[in-house]
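Chemist: Following this message is one structure expressed as structure tokens.
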Amino acid sequence: MSTTKSIAEQRPAPDAESSSGENLLEVSGLQMHFPIRQGIIFQRQVGAVKAVDGVDFAVKAGESLGLVGESGCGKSTTGRLATRLLEPTGGKIVFDGEDITHKPVAKMREARQNLQMIFQDPYSSLNPRHTVGTIIETPMKLNGINPPQGHKKRAQELLEIVGLNPEHYNRYPNEFSGGQRQRIGIARALALKPKLIVADEPVSALDVSIQAQVVNLLQDLQKEMGIAFLFIAHDLAVVRHFSERVAVMYLGKIVEVGDRRAIYERPRHPYTHALLSSVPEINPAADARERIRLAGDVPSPIDPPSGCRFRTRCWKAQDKCATEEPPLVRIEGNGEGHLTACHFPEEPSITAREEAIVLDPALAALEKAATAAEASKTEAPKADAKADAPKAEASKAEAKAEVPKADAKADEAGKDSK
Ligand SMILES: Nc1ncnc2c1ncn2[C@@H]1O[C@H](COP(=O)(O)OP(=O)(O)O)[C@@H](O)[C@H]1O
Ligand code: SF4
Ligand SMILES: [Mg+2]
């Protein structure tokens, strides 16, 4: 069975089903202030960690929005709020036309079926005492999904879709490598045929060579099953390949959002510029852009700077930046949908930048393959399906290449489990 075919069967492509262009997820004024309490008997609130502090964004059906920013800026909290694993202290979350902002957990089952999350750490996100089969089947059973072919067969199909062997059904998570565990996590998320997946740094805990395979798999799923993604990452390299639109977050706020080209070629916010600049060059000799090294640490979200939160690290800061918070708007010179929160934005930058951005070698190879595939699509549109199939198969073959490692571990682990 070809992976492409089995994936495509799960859900029609986005333009076949949900091309209305309406927002699947809409978040406005989102806020999460974690209370800080003091006192042993009478606990009183003495402050709050303003992890997310007024965030607006939307994800359309079938699209991928990248959410990028340094560690601690509130990305995971945003993801957990969007999937309602956390209840926000302010703002509004509308998913698939329904306001789920304060929906009681007990009533979230239906929405959560369509709103899944993949976690950063493939080691802690799978229950070590459950078999892979149980891990994948449990969400189906909890949600009353009874596939015609039965739970076991369906779980095995899902294992195949994510490039694992259906025979892994009876194994335990500790018998697998990091990349394979992440694939199990993806199969679990797919079991409910979600409309949106929040992927919270799904590859950062993996070896570079495995990162490309997992990104590739997610991309195949996005294209072929029409699943929308909120793809969280701490740098711009991974999401550039994956997301059509990118939002840049700093200290609980989105400071810039736009389509891929706007963010990578014409960033206007100094922080986006700095993030791009910190990505290494393919060819250091051809340094086509200025290098910006961000000085100092990210300030505490307990007491963020007044006005623009980036001002304590910004080389362009002026008095106005300390007193007036810049709104996230389409400033002069920005294209449609490109919003920037800055009083003194950067000039649209040199076009050479896009060429100068680089990924890890494995991601660079992945990007090269994607560019080649895109070029061949424009030349021969009818060859699409066929061109994709070997890619999916290749991704699967790569995953299987990891298997001997798991098998070796399984032999050892088998001693315990017998
Ligand atoms: N449950 C919590 N209680 C208090 N503070 C939290 C909690 N979860 C996260 N934080 C704080 O919120 C901020 C944002 O965290 P997080 O969303 O994990 O950032 P990121 O994913 O961008 O690294 C951090 O300062 C973190 O310490
Ligand atoms: S508003 Fe001021 S401090 Fe903030 S990013 Fe723009 S120039 Fe820098
Ligand atoms: Mg995080």
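The values are calculated or read from the model by the stated rules, or taken from the named source; none is laboratory data. Small disclaimer: the values here were computed from a predicted structure and weren't measured. When we count neighbours, we look across all protein chains shown, and the Cβ atoms used for this are built from the backbone with ideal geometry, even at glycine.
Chemist: How do the pairs read when you match residues in region 73-101 that are farther than 11 Å from Val55 by Cα with residues anywhere that are within 16 Å of ligand 2 (Cβ to nearest atom) and of a type in the set (Val, Ile, Thr), using Cβ under 9 Å and keeping only pairs 6 or more apart or on different chains?
Modeler: Every condition considered, the pairs that remain are Cys73/Val298.
Chemist: Return only the number of the condition from (1) away from ligand 1 (no atom under 16 Å from the Cβ); (2) at pLDDT 95 or above that Leu276 does not satisfy.
Modeler: Here Leu276 clears every test but (2).
Chemist: Sort through Val59, Val55 and tell me the only one that's within 15 Å of ligand 1 (Cβ to nearest atom) and crowded, with 16+ Cβ neighbours inside 10 Å.
Modeler: The conditions single out Val55.
Chemist: Sticking with this structure for a sec: Could you please find all residues in region 295-311 being more than 16 Å from ligand 1 (Cβ to nearest atom) and hydroxyl-bearing (Ser, Thr, Tyr)?
Modeler: Selection gives Ser306 alone.
Chemist: Does region 76-92 contain at least one residue that is farther than 21 Å from Gln120 by Cβ, buried (at least 17 other Cβ atoms within 10 Å of the Cβ) and small (Gly, Ala, Ser)?
Modeler: Yes; the residues of region 76-92 include at least one that is farther than 21 Å from Gln120 by Cβ, buried (at least 17 other Cβ atoms within 10 Å of the Cβ) and small (Gly, Ala, Ser).
Chemist: For region 199-208, indicate whether the set of residues that are under 30 Å from Leu275 (Cβ atoms) and in contact with a His (Cβ under 8 Å, 6 or more places away or on another chain) is non-empty.
Modeler: yes
Chemist: Same structure again: Quick one: is Val255 within 30 Å of Pro270 (Cα to Cα), at pLDDT 95 or above and either within 16 Å of ligand 1 (Cβ to nearest atom) or surrounded by fewer than 24 Cβ atoms within 10 Å (Cβ to Cβ) (or both)?
Modeler: Against the criterion (within 30 Å of Pro270 (Cα to Cα), at pLDDT 95 or above and either within 16 Å of ligand 1 (Cβ to nearest atom) or surrounded by fewer than 24 Cβ atoms within 10 Å (Cβ to Cβ) (or both)), Val255 qualifies.
The rows are residues; the columns are (1) within 20 Å of Phe57 (Cβ to Cβ); (2) surrounded by 12 or more Cβ atoms within 10 Å (Cβ to Cβ).
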site	(1), (2)
Asp96	yes, yes
Pro104	no, no
Lys107	no, no
Ala111	yes, yes
Gln116	yes, yes
Asn127	no, yes
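Chemist: Still on this structure: I'd like the full set of residues that are part of a loop (DSSP other than H, G, I, E, B) and surrounded by fewer than 24 Cβ atoms within 10 Å (Cβ to Cβ), limited to region 210-242.
Modeler: Across region 210-242, the qualifying residues are Gly226, His234, Asp235.
Chemist: Taking region 295-321 as the search range and keeping residues that are exposed (fewer than 14 other Cβ atoms within 10 Å of the Cβ) and within 12 Å of ligand 2 (Cβ to nearest atom), which one is farthest from Arg245 (Cα to Cα)?
Modeler: Per the criteria, the residue is Asp319.
Chemist: Taking only region 128-166 into account, find how many residues are at negative phi and under 22 Å from the mean Cα position of the chain (by Cα).
Modeler: Qualifying residue count for the region: 8.
Chemist: Considering only region 60-112, state which residues are part of a loop (DSSP other than H, G, I, E, B), of a type outside the set (A, V, I, L, M) and closer than 27 Å to Thr272 by Cβ.
Modeler: Within region 60-112, Gly62, Glu63, Gly69, Glu70, Ser71, Gly72, Cys73, Gly74, Thr83, Pro88 qualify.
Chemist: For Gln156, are the conditions met, namely being at pLDDT below 95 and either out of contact with any Asp or Glu (no Cβ under 9 Å at 6 or more places or on another chain) or not aromatic (Phe, Trp, Tyr) (or both)?
Modeler: Taking the combined requirement at face value, the residue does not satisfy it.
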